[in-house]
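To start, the structure itself, in structure tokens.
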Amino acid sequence: MSRRIIHRDTPAGRGRLTARAGTDCDRAETPPGIRTLSVGTERFGLISVPPGYRPGRPYPLLVLLHGAGGEAGQAIGWLRPVADEAGLILLAPQSEGSTWDVIMGGYGPDVKRIDDALAEVFRRFAIDPDRVAVGGFSDGASYALSLGLTNGGLFRRVAAFSPGFAAPAGTDDSPGFYISHGTGDTVLPIDACSRRLVPRLRDAGFDVLYREFDGGHTVPPCIAREAVGWLLDDTP
């Protein structure tokens, strides 16, 4: 897949997401399950709708980003069982390249894809604008941190599973952060990654819930469950 050229002076080129949940919607009953999210011939990724979804009330949404060389289905696989229990809609975009744009040279194509995907989800599904979050695993976690910091007005909370870094284009508002990392991670070693990232976020004034676990480059079920509970916790 070839990468589109996005000018740096556009919102996407600056890492900015413009889609917002609102009342301009085309909502209908939607059966539960995982399906492709498309507009015309363009496929943006996958969406997972929990059992019992009804368009008459707003639902929380988590944008979930896959790791390097991964795909949308793998991202959903980490959290879907817990998300279904909790009534959480998952949107898993697919990157244009082998990983996310900022890791390959700069914001642009993937920000545009995510923005377009969000606009379509906001049009078709009842989404609570105060309960929109972003998360990811590995490179997807790094990208979630980067987009979350840049778009704090959209994302109330950010969940990063085994991140490597954060490269925000700026900071916007004050989202909360959930970060987890395995002490035996040999792909993104904890000392060089989360043990450096977490203190920097806290020093910058952000609220961070940090969990280390015995294990490698993965998302254990207990971590997935705690993260979803934290995402949906309305306690300030």
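The values are calculated or read from the model by the stated rules, or taken from the named source; none is laboratory data. Because the structure is a prediction, the values reported are computed rather than measured. Every residue, glycine among them, receives a Cβ derived from its backbone with ideal geometry; neighbour counts consider all protein chains shown. Accessible surface is based on the protein model in full, side chains and every heavy atom, while ligands, DNA and RNA are left aside. Shrake-Rupley method; radii C 1.70, N 1.55, O 1.52, S 1.80 Å.
Once the range 101-115 is narrowed to residues that are aliphatic (A, V, I, L, M) and under 26 Å from TRP230 (Cβ atoms), the residue that is surrounded by the most Cβ atoms within 10 Å (Cβ to Cβ) is VAL111.
Among residues belonging to the range 116-128 that are of a type outside the set (A, V, I, L, M, F, W, C) and closer than 25 Å to SER95 by Cβ, point out the one that is least open to solvent (accessible area, probe 1.4 Å). Looking at residues that are of a type outside the set (A, V, I, L, M, F, W, C) and closer than 25 Å to SER95 by Cβ, I get GLU120. Residues of the range 16-71 that are in contact (Cβ under 8 Å) with a residue 60 or more places away in the chain, charged (D, E, K, R) and closer than 27 Å to LEU188 by Cα: ARG16 alone. Looking only at residues in the range 22-37 that are of a type outside the set (Val, Ile, Thr) and at pLDDT 90 or above, the one that is nearest to the chain's Cα centre (by Cα) is LEU37.
For (1) assigned to a loop (DSSP other than H, G, I, E, B); (2) surrounded by 20 or more Cβ atoms within 10 Å (Cβ to Cβ), each residue gets a yes or a no:
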position: GLY140; (1), (2): no, yes
position: ALA144; (1), (2): no, yes
position: LEU147; (1), (2): no, yes
position: LEU154; (1), (2): yes, yes
position: ASP173; (1), (2): yes, no
position: TYR178; (1), (2): no, yes
position: GLY184; (1), (2): yes, no
position: ARG202; (1), (2): no, no
position: LEU209; (1), (2): no, no
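For (1) at pLDDT 90 or above; (2) open to solvent by less than 60 Å² (accessible area, probe 1.4 Å), each residue gets a yes or a no:
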{"site": "ILE6", "(1), (2)": "no, yes"}
{"site": "THR18", "(1), (2)": "yes, no"}
{"site": "VAL39", "(1), (2)": "no, no"}
{"site": "ILE76", "(1), (2)": "yes, yes"}
{"site": "ILE89", "(1), (2)": "yes, yes"}
{"site": "THR99", "(1), (2)": "yes, yes"}
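The set of residues in the range 141-161 that are touching a helix residue (DSSP H, G or I) at 6+ places or on another chain (Cβ under 6 Å), over 18 Å from LYS112 (Cβ atoms) and not basic (Lys, Arg) comprises VAL158, ALA159, ALA160, PHE161. I need every pair where a residue in the range 202-216 that is more than 17 Å from ALA227 (Cα to Cα) has its Cβ under 8 Å from the Cβ of a residue that is of a type in the set (Val, Ile, Thr) and at pLDDT below 95, sequence separation at least 6 or different chains. Sorted first by the residue in the range 202-216, then by its partner, the pairs are ALA204/THR171.
Scanning the range 98-118 for residues that are of a type in the set (A, V, I, L, M, F, W, C), within 22 Å of GLY73 (Cβ to Cβ) and either outside any helix (DSSP H, G or I) or within 15 Å of the chain's Cα centre (by Cα) (or both) returns TRP100, VAL111, ILE114, ALA117, LEU118.
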